[in-house]
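Participant: Right, I'll just put the structure down here and ask away after.
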Amino acid sequence: MQMVQKKRNEAEAKIIDGKTLAGRLRESIAHHVSVLVDDHKIMPGLAVVLVGDDPASQVYVASKKKAAEQAGMRSFVHILPKSTSQDEVLKLVKTLNQQKKVHGILVQLPLPKQIDADTVLKEIDPAKDVDGLTIANMGRLMAGLPGLVPCTPLGCAMMIKEVEKNLTGLHAVVIGRSNLVGKPVAQLLLRENCTVTMCHSRTQNLPHIAREADILVAAVGKSGFVKGDWIKPGAIVVDVGINRGADGKLSGDVDFESASKVAGHITPVPGGAGPMTVACLLGNTLIAACRQNELTVPHLG
Ligand code: NAP
């Protein structure tokens, strides 16, 4: 609350630099990977499965592969044609579940329409589910048990905690209720003792609710959806959205120009949740490798 008051007379929000924060996290992960290799001869391995030729997915997969290799991990990329059947994908996931060198499995979404994403996700061994999307890991998050937490929500929580260490009693409003972002973000903030309000497409008086937020997380998928006058002066605003305009430019779900005049801290797009997501994926792969070998999970960050 204090930070909310502090901001009132300032002109521009401070940028939460996800890129720099992600760089720090990746350095820390790379250090722990080198220790794991030197002391235990274990090299964490990340397998990414891409079905089809969606250009955005191709870019994401390439950047995950590069990031894994830069962190000193093994990277296994499986690119399957768009016409691949669900059974073939399930067979590949089963094989990856068995491979000792693979500690983390990520199936890039969306999948072509003949493949049911839930059926595929169900097949991933929860111990290797570095995207945190299996029912087991979602349940663990809900129950407050250790598990693998979805990467984008984890990155959002880390960025918020970079601004404010103690979130107890703050009102967090999360716009969006997907399994991938909105629901796990809400759970993580609840774990930090926030009072959490979840909003979605049927929410009434959304601007009014958003204005009550000390922490506002936007995960809607609509460019510039959250306006500056929806924001409480001094609030922490995390923009998860990635929207590509006709000109190819990326924009977030928050109207940055108006929001940055009111918020206390704000994440940019690009350069906020995106790089943190990749860093958290590496973190999850390292955690998975440690747990699968019954080693202590290092503190990252
Ligand atoms: P999603 O599954 O499409 O969910 C969007 C959510 O927004 C839904 O819960 C929907 O409500 C809600 N919504 C839609 N219109 C609304 C409205 N008018 N008012 C209030 N709520 C509304 O999307 P997602 O997977 O959560 O992703 C959200 C955004 O984050 C996208 O732009 C995506 O590209 C981006 N993203 C970024 C990263 C990253 O690495 N930075 C990772 C994942 C996603 P209903 O449930 O009622 O339909």
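Please treat every number below as a calculation from the coordinates, not as lab data. None of the values given here were measured: they were computed from a predicted structure. For neighbour counting, all protein chains shown are included, and Cβ atoms are generated from backbone atoms with ideal geometry for every residue, glycine included.
Participant: Given axes a ≥ b ≥ c from the Cα gyration tensor, I'd like to know whether the range 75-228 is rounded (a/c under 1.5), prolate (a/b larger than b/c) or oblate.
Facilitator: Because a/c hits 1.5 or more and a/b exceeds b/c, the range 75-228 counts as prolate.
Participant: Next question, about the same structure. GNM, the chain, Cα, under 10 Å: largest mean-square fluctuation among Ile29, Ile175, Ile209?
Facilitator: Maximum among the listed residues: Ile209.
Participant: Around Ala288, with a cut-off of 10 angstrom between Cβ atoms, what is the net charge of the other residues, counting Lys and Arg +1 and Asp and Glu -1?
Facilitator: Details: positive: Lys128, Arg291; negative: Asp125, Asp129.
Net local charge, Ala288 excluded: 0.
Participant: Let me ask something else about it. Note the full-extension length gain between Thr20 and Gln70 as 0.36 nm times their separation in residues minus their Cα-Cα distance, in nm to one decimal.
Facilitator: Contour length minus the Cα-Cα distance gives 16.4 nm.
Participant: Hey, with R₀ at 45 Å, roughly what FRET efficiency would Lys161 and Ser83 work out to, going by the Cβ-Cβ distance, to 0.05?
Facilitator: The computed FRET efficiency comes out at 0.55.
Participant: Give me the one-decimal nm value for the distance between modelled label points at Thr203 and Val37, 7 Å along each residue's Cα-to-Cβ direction.
Facilitator: The two pseudo-label positions are separated by 4.4 nm.
Participant: Oh, and also: Taking a Cβ-Cβ separation under 4.7 Å as the criterion for a possible partner, which cysteines of the chain have none?
Facilitator: Singleton cysteines: Cys156, Cys194, Cys199, Cys290.
Participant: In addition: In terms of the Cα gyration tensor, with a ≥ b ≥ c the square roots of its eigenvalues, is the range 150-274 rounded because a/c is under 1.5, prolate because a/b exceeds b/c, or oblate?
Facilitator: Taking the square roots of the gyration eigenvalues as a ≥ b ≥ c, the range 150-274 is rounded.
Participant: Additional query: Go through 292-298, 50-56 and give me the packing order, highest mean Cβ count within 10 Å leading.
Facilitator: 50-56, 292-298
Participant: Moving on to the next point. Only Cα pairs under 8 Å and at least 6 apart count here; give the relative contact order of the range 122-168 as a rounded whole percent.
Facilitator: Relative contact order, the range 122-168: 29 percent.
Participant: Show me 199-206, 260-267, 39-46 ranked by packing, highest mean number of other Cβ atoms within 10 Å first.
Facilitator: Going from most to least packed, we get 260-267, 39-46, 199-206.
Participant: Most exposed first by the Cβ proxy, i.e. fewest other Cβ within 10 Å, how do Leu282, Leu121 rank?
Facilitator: Sorted ascending by nearby Cβ count, the order is Leu121, Leu282.
Participant: If you don't mind, another one. Angle, helix 55-70 long axis vs. longest principal axis of the chain, Cα atoms, 0 to 90°, nearest 10?
Facilitator: Its long axis makes an angle of about 70 degrees.
Participant: Now, a different point. Nearest 5 is fine: what % of DSSP beta bridges in the chain come out antiparallel, could you say?
Facilitator: In the chain, DSSP labels about 5 percent of beta bridges as antiparallel.
Participant: Could I ask something else about it? Semi-axes of the equivalent ellipsoid of the chain: what are they in whole Å, largest first, if each equals the square root of 5 times a C-alpha gyration tensor eigenvalue? Mind showing how you got there, number by number?
Facilitator: Values: eigenvalues 216, 93, 62 Å².
After scaling each eigenvalue by five and taking roots: 33, 22, 18 Å.
Participant: Now for a different question. Looking at the range 150-274, send over the antiparallel percent of its DSSP beta bridges, to the nearest 5. Spell out each step's value before the answer.
Facilitator: Numbers: 2 of 18 bridges.
Beta bridges within the range 150-274, antiparallel portion: roughly 10 percent.
Participant: Cut-off 17 Å, label point 7 angstrom out along Cα-to-Cβ of Gln114: give me the residues of the range 35-66 whose amide nitrogen falls inside.
Facilitator: Label zone hits: 50-54.
Participant: Mind telling me which of Ser75, Ser85, Ser258 comes out most flexible in a GNM of the chain, alpha-carbon contacts under 10 Å?
Facilitator: Of Ser75, Ser85, Ser258, the most mobile in the Gaussian network model is Ser85.
Participant: For the chain, give the magnitude of the charge dipole about the Cα centre (Cβ charges: +1 Lys/Arg, -1 Asp/Glu; no others), in debye to the nearest 20.
Facilitator: Approximately 120 debye in magnitude.
Participant: Right, here's the next one. For the chain, what does the helix formula give at 222 nm: sum of -39500 (n - 2.57) over DSSP H segments with n ≥ 4, over the residue count, nearest 500 deg cm²/dmol?
Facilitator: -13000 deg cm²/dmol
Participant: Same structure again: Once you have a ≥ b ≥ c as the square roots of the Cα gyration tensor eigenvalues for the range 40-126, tell me rounded if a/c is under 1.5, and otherwise prolate or oblate according to whether a/b is larger than b/c. Each step should come with its number before you reach the end.
Facilitator: On the way: a/c = 2.51, a/b = 1.36, b/c = 1.85.
Because a/c hits 1.5 or more and a/b fails to exceed b/c, the range 40-126 counts as oblate.
Participant: Straight distance only, please: which lysines reach the Cα of Lys94 with their own Cα at less than 29 Å, same-chain residues fewer than 8 apart left out?
Facilitator: Partners found: Lys41, Lys64, Lys65, Lys66, Lys82, Lys113, Lys122, Lys128, Lys183.
Participant: Near Leu300, within a Cβ-to-Cβ distance under 15 Å, what is the net charge of the other residues, with Lys and Arg +1 and Asp and Glu -1?
Facilitator: +2
Participant: Find how many whole Å separate the alpha carbon centroid of the range 220-247 from the alpha carbon centroid of the range 119-166.
Facilitator: When both Cα centres are located, 23 Å separates them.
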